[in-house]
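Below: the structure, in structure tokens.
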Amino acid sequence: MPVPARKTAAILRDVFNVKVSYQTVLNYAAAAAFYCHSFNLNHKGAINNISAGDETYIKILGKNHYVFFFISSESLKITAYHVVDNRGTQPAVIAMLEAIRTASPNQKIILVTDGNPSYPAGIHFINALDNDNPNIQHHKVIGLQNLDSESEQWRPFKQLIRAPKQNV
């Protein structure tokens, strides 16, 4: 669970005797974000054959934005994330291309997503881009219950991206 900047400043003061303002904590976090993102891009490593993708919304300066992300099924590492102000095909394509960027040339890739129509459109676009790329398969998991065989078969992969229930 994230710790707010004010609480982080209080922890630094109380535990480590480091006196910084919450604004300093925010500034350090913003400065470190660039380096963390660069590190993540350069040291992603190989991906698994099956990845699950989803999008969620976040508020930035009072406006809704969306984070598209993919998680690898075996290693459980986030292989792509992309923040944008819409849920269209282009952001989905950007996230999917990043998710498969480090795949080996002949690796069979399966992407499991929800019913957002931007994913199948994006898969079609990616598969049409380059004949040298392996064909990417797509499977949809619709709704919260298994009402079709595809959802039933692929739901375990889609549930990888759901937060585990917290014991309170």
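The values are calculated or read from the model by the stated rules, or taken from the named source; none is laboratory data. It should be emphasised that the depicted structure is a prediction, and the values quoted were computed from it without experimental measurement. For neighbour counting, all protein chains shown are included, and Cβ atoms are generated from backbone atoms with ideal geometry for every residue, glycine included. The area values use the complete protein model at the heavy-atom level, side chains included, leaving out ligands, DNA and RNA. Shrake-Rupley method; radii C 1.70, N 1.55, O 1.52, S 1.80 Å.
Let a ≥ b ≥ c be the square roots of the eigenvalues of the Cα gyration tensor of the stretch 21-127; is it rounded (a/c under 1.5), or, if not, prolate (a/b larger than b/c) or oblate? Oblate. Computed from label points 7 Å out along Cα-Cβ, the spacing between Gln107 and Ala121 is 2.8 nm.
Given a Förster distance of 25 angstrom, what is the FRET efficiency for Thr24 paired with Ile58, based on the Cβ-Cβ distance and rounded to 0.05? Taking R0 as 25 Å, the efficiency between Thr24 and Ile58 is 0.60. Split the accessible area of the chain by element, probe 1.4 Å, and carbon with sulfur accounts for 57%. Rolling a 1.4 Å probe over the protein heavy atoms gives the stretch 1-130 an accessible area of 62 Å² per residue. Length gained on full extension, Val84 to Asn17: 20.3 nm, using 0.36 nm per residue less the C-alpha separation. Based on Cα contacts under 8 Å between residues 6+ apart, the chain shows a relative contact order of 17 percent. Take the Cα of Phe34, step 7 Å toward its Cβ, do the same at Asn49, and the gap between the two points is 4.2 nm. How big is the antiparallel share of DSSP beta bridges in the chain, given as a percent to the nearest 5? In the chain, approximately 65 percent of DSSP beta bridges are antiparallel ones. Here the simple spin-label model places points 7 Å from the Cα toward Cβ, and for Ser73 and Gln153 these points are separated by 1.1 nm. Distances between placed amide hydrogens fall under 5 Å for Lys77 paired with Ser72, all partners being 5 or more residues away or on another chain.
Computed from phi, the 3J(HN,Hα) profile of the stretch 70-76 under the Karplus parametrisation 6.51, -1.76, 1.60 (θ = phi - 60°) reads 10, 10, 6, 6, 9, 7, 6 Hz, with x in place of Gly and Pro.
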